[in-house]
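See structure below.
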Amino acid sequence: MSDHPTNSQSLSNSAPTDTLFAKIVRREIPAKIVYQDEFVTAFHDISPAAPVHILVVPNKIIPTLNDATPEDEQLLGKLMLTAQRLAKELGIDKSGYRVLMNVNHDGGQVVYHIHLHLIGGRPLGRMVSRAD
Ligand code: AMP
């Protein structure tokens, strides 16, 4: 599953007008939404990597972190603070958790609508200890 613009919109360089996550934001396809406001939506990952696995997405489509602009500064902060608040609400703030964003192919991005993964509820180990 990939909704990268180069797949779904042939060779167009324009931003995609729709994504899987935009459909979830508009509640056109089902998801277990845990938080939504005017700017962001958070819902359970359909294929959780841990007991807690929430995706926090901006309501507006930004395909990858590379496409974010200075105008998005507040929105990006809001994604982080939403993840922080949900971690508290879901009781994993003290035990610990991981927040990450995959970018493009090598980063493992599959859905081209930026999203933070909030993952926790079990020891996650060290993901990166050195660059090689
Ligand atoms: P990424 O690889 O960072 O693009 O992550 C995409 C994530 O979206 C994966 O963890 C998927 O399990 C998750 N995902 C895909 N489709 C859905 C869906 N319909 N509802 C909730 N999560 C989804």
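A short reminder: the numbers here are calculations on the coordinates, not readings from a lab. Since the model is a prediction, treat every value here as computed from it, not as a measurement. Backbone-built Cβ (ideal geometry, glycine too); neighbour counts: all protein chains shown.
What the table shows:
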quantity	calculated
Sequence of 126, 27, 85 once ranked by neighbouring C-beta atoms within 10 Å, starting from the fewest	126, 27, 85
Pair residue 65, residue 80: separation of 7 Å Cα→Cβ label points (nm)	1.1
All lysines inside 23 Å of residue 23 as judged from Cα atoms, apart from same-chain residues fewer than 8 positions distant	32, 60, 78
³J(HN,Hα) computed for each position of the stretch 23-30 - Karplus, 6.51 cos²θ - 1.76 cosθ + 1.60, integer Hz, glycine/proline x	5, 5, 4, 7, 6, 8, 10, x
Residues 97, 35 arranged by fewest to most Cβ contacts within 10 Å	35, 97
Distant-in-sequence amide H partners of residue 41 (H built 1.01 Å from N, under 5 Å)	57, 59
Sequence-separation-based contact order of the stretch 23-73, relative, with Cα cut under 8 Å and 6+ spacing, percent	25
Residues 73, 38, sorted so that the one with the fewest Cβ neighbours within 10 Å comes first	38, 73
